[in-house]
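The next block holds one structure in the form of structure tokens; read it before the comments.
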Amino acid sequence: AMAYTIIVDGEVDLDEYAYHDKVSFNEENNTLTLNNYTGKAITFDGFDNNSTINIVLKGNNVISSDVYDDTMPALGENYIDGSVVNLNVTGEDGATLLLNNYYNGIYIYNGKLTVSNLDITATNMDYTVIYNVMGNTLVFKDSSLDVVDTQYPIAADGGTVTLNNVKYTSKNTSHTDLYVDSNSCAVSVNCHTASCVNESICRLNTIGIFPT
């Protein structure tokens, strides 16, 4: 068995979490389900390299910290982990996710990150809402993202980023562009492609995706 750990509400091991109607994990298919969850960060670590983790959201979910927290992402791989894991975050039946007061929101270090069918609102996120650090592959589709007081909506330090059928709105966001920190990257948006070479920011607003 894998020696993995899932932490709920910022500090509680899932096995000892009292509200399994709100957060549950199916070990057979590595699926973590959030059902109208309200609390602090949910993070994991210790899964085997190249594992795929699924997070399914139902209803209205809130991940918020009373005080600004840069020690862990709001939802995803614990910063200390650093292994290659693939993460699928999927909403069901109009699910929503509010992220508040973290350095990063949905996060993995290295692997494929896919976020789909989810309406996300992010407030006071210091760095990014959706972040794939090593930038292997990031897909964001059939979703909406409403960002307030946040630096970057979506970031990947390289790799390939694909946005498809995404509605994006922002207020007090220092960079309305998708941020890709890479010597060479390709970004595909609704069948448009923006390529950036030696650019720190892919200016997706130039092809009409993100508003200026």
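Would you please classify the overall shape of the stretch 11-137 from the alpha carbon gyration tensor, given that a ≥ b ≥ c denote the square roots of the eigenvalues, rounded means a/c under 1.5, and beyond that prolate means a/b larger than b/c while oblate covers the rest?
rounded
Partner aspartates and glutamates whose Cα lies under 15 Å from the Cα of K58, excluding those fewer than 8 positions away in the same chain, are identified as D21, E92, D93, D119. Residue by residue, the stretch 70-87 carries 3J(HN,Hα) couplings of 10, 8, 7, x, 5, 8, x, 7, 4, 4, 6, 6, x, 8, 8, 10, 9, 10 Hz when phi is fed to the Karplus relation 6.51 cos²θ - 1.76 cosθ + 1.60 (θ = phi - 60°); x denotes Gly or Pro. Averaging Cα coordinates gives a centre for the stretch 30-48 and one for the stretch 92-148; these two points are 14 Å apart. Derived scalar couplings between HN and Hα for the stretch 51-61 equal 5, 10, 10, 10, 10, 10, 10, 10, x, 9, 10 Hz in order, rounded to whole Hz, by the Karplus curve 6.51 cos²θ - 1.76 cosθ + 1.60 (θ = phi - 60°), x for Gly and Pro.
Taken over the stretch 65-159, the ratio of Cα radius of gyration to 2.2 N^0.38 Å equals 0.99.
At 1.4 Å probe size, with every protein chain present, just tell me what the per residue accessible area of the stretch 1-100 comes to in Å².
Solvent-accessible surface per residue comes out at 48 Å².
Within the stretch 1-76, DSSP assigns beta bridges of which about 50% are antiparallel (rounded to the nearest 5). Packing here is the average count of other Cβ atoms within 10 Å per residue, and on that basis the peptides 114-123, 58-67, 99-108, 12-21, highest first, run 99-108, 114-123, 58-67, 12-21. Using a cutoff of 8 angstrom between alpha carbon atoms and counting only pairs six or more residues apart, the relative contact order for the stretch 82-168 works out to 27 percent. Cross-link reach is defined here as a Cα-Cα straight distance under 16 Å, omitting same-chain residues fewer than 8 places apart; for K112 the lysines meeting it are K141. Sequence-ordered 3J(HN,Hα) estimates for the stretch 35-42 from the Karplus curve with 6.51, -1.76 and 1.60 and θ = phi - 60° stand at 10, 6, 7, 10, x, 8, 4, 10 Hz, glycine and proline given as x. Based on every Cα atom in the stretch 1-82, Rg and the maximum pairwise Cα distance Dmax equal 12.2, 36 Å. Protein heavy-atom surface of the stretch 67-130, 1.4 angstrom probe: 46% of the accessible area is carbon and sulfur, with nucleic acids and ligands not counted.
The values are calculated or read from the model by the stated rules, or taken from the named source; none is laboratory data. Keep in mind that this is a model prediction, so the values were computed, not measured. Glycine gets a Cβ as well: all are built from the backbone with ideal geometry, and neighbour counts include every protein chain shown. Side chains included, ligands, DNA and RNA excluded: accessible areas come from the protein's heavy atoms. Shrake-Rupley method; radii C 1.70, N 1.55, O 1.52, S 1.80 Å.
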